[in-house]
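As structure tokens, the structure follows; a few thoughts come after it.
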Amino acid sequence: MRIALFITCVNDVAYPATGIAVTRILRRLGHSVDFPTRQTCCGQMHANTGYRAEAMPMVRNYVDVFDGYDAVVVPSGSCTAMIRDQYPHLHPPAASVAARTYELSELLVDVLGVTDVGAEFPETVTYHPTCHGLRMLRLGDRPLQLLRQVRGIRLVELADAEECCGFGGTFALKNPDVSTAMLTDKCARVGETGAQVLAAADNSCLAHIGGGLDRHRSGVRAVHYAEILAATGAAS
């Protein structure tokens, strides 16, 4: 299977370790992963704020770059949802490659039929299902299926897990007071778990929650779940 990694803007600029983790997981499972360097932004911010015409060059570029692959893996529920849900409406020729674009847990569980990726992470972890993955991609418990197979991990349930953290891309900028109130609630729920690590499928949401956790001096680290699945020993 020819697999390509779409890194996404947030990961490329601020969280490159997540893309490295995805590649490490797939290589451990015996797959090769390409990283096409002509990839750019998926255009989500543009399309979601009404600048659809400005998003179109990015949509067309995605099709040009990734159309020859059997699967495109994306370590972001948000960007995967943009590609799968909006691309076919914005640019009908994108439908085929959009259908072959998967969030990491979808690729591992549904396409490759794997839940045990050979990981070891001896820490207490709680999981926040981010909104795009939960409501648009309907990931369900796929990420948790993968985390449950990690050796040494202690998974603890997050109360009110399905409530939004308050980030929502530009929502946090346009509605800062509401966003902060939602974040405060989410951080409180995380603190109640006693976890050392908060995992999720989107680094944008993790940056938001992680910032709140840091300001509250909680000691909880926000980590993309791909980095947990890539770990093979004591967490650093």
> Between residues in segment 81-105 that are closer than 17 Å to MET1 by Cα and without any contact (Cβ under 8 Å) to a residue 40 or more places away in the chain and residues that are assigned to a helix (DSSP H, G or I) and among the basic types (Lys, Arg), which pairs lie under 6 Å by C-beta distance while being six or more apart or on different chains?
Replying inline: ALA98/ARG84
> Of all residues in segment 81-120 being within 16 Å of the chain's Cα centre (by Cα) and not in a helix (DSSP H, G or I), which is surrounded by the fewest Cβ atoms within 10 Å (Cβ to Cβ)?
Replying inline: TYR102
> Can you name the helices (runs of 4 or more DSSP H) wholly within segment 121-236 that have at least 2 residues being under 21 Å from SER105 (Cβ atoms) and within 18 Å of the chain's Cα centre (by Cα)?
Replying inline: 142-148, 203-215, 225-230
> Restricting to helices (runs of 4 or more DSSP H) lying wholly in segment 1-74: which have 2 or more residues that are surrounded by 18 or more Cβ atoms within 10 Å (Cβ to Cβ) and of a type outside the set (A, V, I, L, M)?
Replying inline: 16-28, 44-48, 52-66
>> Just to be sure before I move on: is GLY19 free of Cβ contacts under 8 Å to residues at least 60 places away in the same chain and under 13 Å from the mean Cα position of the chain (by Cα) in the structure I sent?
In response: yes
>> So, in segment 143-171, how many residues would count as being open to solvent by 20 Å² or more (accessible area, probe 1.4 Å) and at negative phi?
In response: 18
> Can you find a residue in segment 44-52 that is hydrophobic (A, V, I, L, M, F, W, C) and closer than 25 Å to ILE3 by Cβ?
Replying inline: no
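The values are calculated or read from the model by the stated rules, or taken from the named source; none is laboratory data. Note that the structure is predicted; figures quoted are calculated from it, not measured. Methodologically, a virtual Cβ is constructed for each residue, glycine included, from the backbone with ideal geometry; neighbour enumeration extends over all protein chains shown. Note: areas computed on protein heavy atoms with side chains; ligands, DNA, RNA excluded. Shrake-Rupley method; radii C 1.70, N 1.55, O 1.52, S 1.80 Å.
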